[in-house]
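Asks: This structure is in structure tokens; I'll ask about it shortly.
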Amino acid sequence: MSQAQLLNLIADMVRDSASLLSSDSIDRALDLAVGQYGRDVPGGTVTDVTAPGGHELDYPAGFDGETCTVTGIEYPLGQMPPARLTADQWMNYDTPYGPVILSGVSFPAGALVRVSWSHPRAVDDIPVKHFEAVAAYAAAALLDQLAAAKSGDNDQSLAVDSVRSGSKSKDYAERAATQRKRYHDLLGIDPKRVEGASATVQVASPASDGKGRFWNRRPA
């Protein structure tokens, strides 16, 4: 499923028939949803890294210490069951030439070490089975914004219009809650254990092994 199809799915969920939302607003909501999904379901990559020799090991190509995390190290390769270092056998270590993985195991020069690591998600990295969940989160963010816009759109001199706007705001808020629950249900996430993220989207005005013991830490 392409990004265009995902945006169409978001539009179907929001049903912004009055065209109050700009395309930029929808794009930002999608970015927000992809970011939240990446925190809830991080992407995973496995890379074989060539050891220079000794206790230090370079991070895999593409690894960003700000957004990526090492989740496992396997050495030596080819064993059954796989020989994985325990979490307290390696840590991030800053050197004058940049951060490296410091291990309690000494790796021979040229040895392959298998590093598993997590990273943020991109739209192209989201499996099709999770597109509905991501679209639901984006729709919830947009519906929240529509609810806020309608709640402040009351003309106090016109009681009937005020009631209508209040009713519309409540409807948007309830639909936002439904879509957010849909996101959690589809991914099997307990909403009590995650903190909600927030973002601002603009709403257009309606017409009118052995080895040394280390603490496992995320790279700084």
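The values are calculated or read from the model by the stated rules, or taken from the named source; none is laboratory data. Remember, it's a predicted structure, so these values are computed and weren't measured experimentally. Quick reminder, even Gly has a Cβ in these numbers, built from the backbone with ideal geometry, and neighbours come from all protein chains shown.
Asks: Among residues belonging to the stretch 45-88 that are charged (D, E, K, R) and over 21 Å from His119 (Cβ atoms), point out the one that is modelled with the highest pLDDT.
Replies: For the stretch 45-88, the residue satisfying everything is Glu56.
Asks: Please go through the stretch 33-81 and pick out each residue that is under 24 Å from Leu6 (Cα atoms) and in contact with a Lys or Arg (Cβ under 7 Å, 6 or more places away or on another chain).
Replies: Val34, Tyr37, Gly38, Gly43
Asks: In the stretch 89-115, what residues are out of contact with any helix residue (DSSP H, G or I) (no Cβ under 7 Å at 6 or more places or on another chain) and polar (S, T, N, Q)?
Replies: Once the filter is applied, which keeps residues that are out of contact with any helix residue (DSSP H, G or I) (no Cβ under 7 Å at 6 or more places or on another chain) and polar (S, T, N, Q), the stretch 89-115 yields Gln89, Asn92, Thr95, Ser106.
Asks: Then there's this: Residue pairs, Cβ under 9 Å, 6 or more apart or interchain, first in the stretch 81-96 and at negative phi, second among the acidic types (Asp, Glu) and assigned to a loop (DSSP other than H, G, I, E, B). List them.
Replies: If the second residue must be among the acidic types (Asp, Glu) and assigned to a loop (DSSP other than H, G, I, E, B), the pairs left are Ala83/Asp209; Leu85/Asp209; Thr86/Asp209; Gln89/Asp209.
Asks: Something else: Suppose we keep only residues that are of a type outside the set (Gly, Ala, Ser) and crowded, with 22+ Cβ neighbours inside 10 Å within the stretch 127-143. Which one would you say is nearest to Ala87 (Cα to Cα)?
Replies: Step by step, filter the stretch 127-143, then rank; the result is Val134.
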